[in-house]
Amino acid sequence: MKSSTITPPRLLHVCRLDDASAGAAGSLALACLAEYGSAENPAFMADLHVLAADLPRPVREAAARARLDERKHAVVFRGNHIAGDLEPTPAHWKTADTPSSRRYAILLALYAGLFGDPIGWAAQQAGHLITDVLPVAGMEESTVSSSSGRELAWHTEDAFSPHRAHHVGLLALRNPDQVDTTIGYVDLPRLSAAALETLFQPRFEILPDDSHEGADQAGGEPTPLLTGHPEAPVLRVDRDFARPVAGDRGAAAAWAELTANIDNSLYGLAIGPGDICFLDNRNVVHGRRSFLPRYDGTDRWLKRVNVITDLRSSRPARPSGLSRIIH
Ligand SMILES: O=C(O)CCC(=O)C(=O)O
Ligand SMILES: [Fe+2]
């Protein structure tokens, strides 16, 4: 039996775990929890690839295929078990590292180990490697993932930084209204030759999004929004936080074309409890549809991880040794 399927034209890989595989993956996470206590434990991160090699073979096979598929949008592993003892959805990410959710942070980290090395941001959610996506009261209309009433606009994760993730992993603990994560891509045949050429040139600015607390909002070096091969470009863009360089009319026209193009390509993928999705942060942008928060403990709740393919080659060398937290 094939363990995974690929659905064109949206290029989603889907791996459905049977009960035995889901049980084995869950037991592995529990054993790691008993031994290491937390996904944030540096000893757990040091052993991650060794531990992830004990994930069930169908999971490892599907991950290996997806990781090397340079055209994919995302891969979803469906059917992981979420136990009934999960606490109510917390009111804030600051209180979301709950005892019963820790095993899922570890499970997500183990899957992440099949795609590379998890990283965190010193200025985002207090530098945690595994972060939480849940609606926060008062943040409904914000531009960060704690929002709800406002659609989270499509973005490359951490587009502003050259050290951004190659994959973004999301594990759904709850999603009672089946709110869609959105996925968008550049529909190249619909882009004019002039816009395509301009988008490959450093005529745009990308600011850190508001999830990076205290980050400099000055706008860095002008950058292209597309790089790599013109027929399969790598995307680096954010609908809310990228903009054409002031006064550059050609860049403004290309930006208008690109945003309309991606708006038009956007489709939804609802991840439900037990689904683990890795988005390809080079091929697609992602966001989330708006929804009505409940604030009664039953709200949508995801664990999230940023993954780079190889910590040793993706991060600048540091005299103090390797760090997986980006400052
Ligand atoms: O809530 C979601 O489905 C996606 C949120 C998001 O963009 C993120 O956590 O990076
Ligand atoms: Fe995101």
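Choose one answer from 36, 111, 185: the residue with the largest mean-square fluctuation in a GNM of the chain with alpha-carbon springs under 10 Å.
Sorting by GNM fluctuation, first place goes to 36.
For the stretch 135-258, report the translational diffusion coefficient in µm²/s to the nearest whole number, using Stokes-Einstein at 20 °C, 1.002 mPa s, and a Kirkwood Rh over Cα pairs. Show your work: numbers first, answer last.
Numbers: Rh = 15.9 Å.
This corresponds to a translational diffusion coefficient of 135 µm²/s.
If you take the square roots of the eigenvalues of the alpha-carbon gyration tensor of the stretch 219-327 and sort them as a ≥ b ≥ c, do you get rounded (a/c under 1.5), prolate (a/b over b/c) or oblate?
Cα axes put the stretch 219-327 in the oblate bin.
Fully extended, how many nm does the chain gain between residue 65 and residue 248 (0.36 nm per residue separation, minus their Cα-Cα distance)? Walk me through the intermediate numbers first.
On the way: separation 183, 0.36 × 183 = 65.88 nm, distance 4.16 nm.
Working it through step by step, the gained length comes to 61.7 nm.
If you wrap the chain's Cα atoms in a convex hull and average its projection over all directions, what's the area in nm²?
On the way: hull surface 65.7 nm².
Answer in nm², one decimal: 16.4.
Using only Cα atoms, find the angle between the long axis of helix 249-265 and the longest principal axis of the chain, and express it within 0 to 90 degrees, rounded to the nearest 10.
Computed tilt is about 40 degrees.
Can you give the net charge of the other residues whose Cβ lies under 14 Å from the Cβ of residue 49, counting K and R as +1 and D and E as -1? Provide the component values of the computation, followed by the final result.
Working: positive: 60, 67, 312, 324; negative: 47, 54, 117, 310.
Around residue 49, the surrounding residues sum to 0.
Find, to one decimal place in angstroms, the Kirkwood hydrodynamic radius of the stretch 188-261, where the mean of 1/r is taken over every pair of different Cα atoms and then inverted. Let's see the in-between values first.
Numbers: mean 1/r = 0.0787 Å⁻¹.
Computed over the stretch 188-261, the radius equals 12.7 Å.
Given the C-alpha atoms of the stretch 54-159, compute the convex hull and give its volume per residue in Å³. Please list the in-between numbers first.
Numbers: hull volume 15.3 nm³, N = 106.
In the stretch 54-159, the Cα convex hull volume per residue is 144 Å³.
To the nearest 10 degrees, how steep is helix 57-68 against the longest Cα principal axis of the chain, on a 0 to 90 scale?
Helix 57-68 sits at roughly 10 degrees to that axis.
Please state, as a whole number in µm²/s, the translational diffusion coefficient that the Stokes-Einstein equation yields for the stretch 238-282 at 20 °C and 1.002 mPa s, with Rh defined as the Kirkwood radius across alpha carbon pairs. Intermediate values should be presented prior to the final figure.
Numbers: Rh = 13.2 Å.
Answer, rounded: 163 µm²/s.
Quick note: the coordinates plus some simple rules give every number you see, no bench work behind them. What you see is a predicted model; the values in this text were computed from it and never measured. We place every Cβ from the backbone using ideal geometry, glycine too, and count neighbours over all the protein chains shown.
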